[in-house]
Amino acid sequence: MSDNSYDITSYLQAEKTMFQDSITLKNRHQKFIKTVSENGIVYGLKSKNGFATSSSTQFEDNNGNPIGIICFWAEKVRAKSCAKDEWKKYKVTEIPLAEFMENWCIGMANDGLLVGTQFDQNLFGYEVEPLELITELSSELKSVGKDLNFRKFNGITDLEKQVKKILE
């Protein structure tokens, strides 16, 4: 009987840890939304081969393969702290928020990729659909009364409206 109770206890502890981890990741994601909306800058890690990528632990394509993720951060220091091991040759690069939303997020959605926000040094971070991220950022920007100058859209409301049409 003690073997079964140990298994159940271990299982429940693992479930509790995963739940706490998911709350931590969600909180870091919310901080990402607020910080990039406030500062107007998103940070990525770039090398001669492109930007820092990872594979989803939550989403798979139709063949059962993990979906690709491009990672972004709200703080330069957090991005820089991840430039180690497999990303040691990557340099921190700034992306203006308007460019990130209208070019990066839309492009990533078209390519079937996910956005990873606030990944840590262990490569754990929040995974989000790019168009969903646009709606989250749009809501935050509107709530603080901030608009952005886009090249392809007439402000945040136009971008949000176009994205919502796609999501319907």
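So the values come out like this:
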read-out: Of residues in the stretch 36-50 being in a strand (DSSP E or B) and touching a residue at least 24 places away in the same chain (Cβ under 8 Å), the one farthest from CYS82 (Cα to Cα); value: ILE41
read-out: Subset of the stretch 65-104 [closer than 30 Å to LYS142 by Cβ and of a type in the set (Asp, Glu)]; value: GLU75, GLU94, GLU99, GLU102
read-out: Residues within the stretch 54-67 that are closer than 21 Å to ASP21 by Cα, of a type in the set (S, T, N, Q) and modelled with pLDDT of 90 or more, tallied; value: 3
read-out: All strands (runs of 3 or more DSSP E) inside the stretch 84-168 with 1 or more residues being β-branched (Val, Ile, Thr) and closer than 14 Å to GLY44 by Cα; value: 91-96, 114-117
read-out: Sole residue being at pLDDT 95 or above, under 13 Å from the mean Cα position of the chain (by Cα), assigned to a strand (DSSP E or B) and β-branched (Val, Ile, Thr), chosen from ILE33, ILE70; value: ILE70
read-out: Filter result (of a type in the set (D, E, K, R) and either under 16 Å from LYS84 (Cβ atoms) or free of Cβ contacts under 8 Å to residues at least 12 places away in the same chain (or both)) within the stretch 51-61; value: GLU60
read-out: Residue check, GLU99 free of Cβ contacts under 8 Å to residues at least 12 places away in the same chain and under 30 Å from LEU167 (Cα atoms); value: yes
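The values are calculated or read from the model by the stated rules, or taken from the named source; none is laboratory data. Computed from a prediction, not measured in an experiment: that's the story for all the values here. Counting neighbours? That spans all protein chains shown, and the Cβs are built from the backbone with ideal geometry, glycine included.
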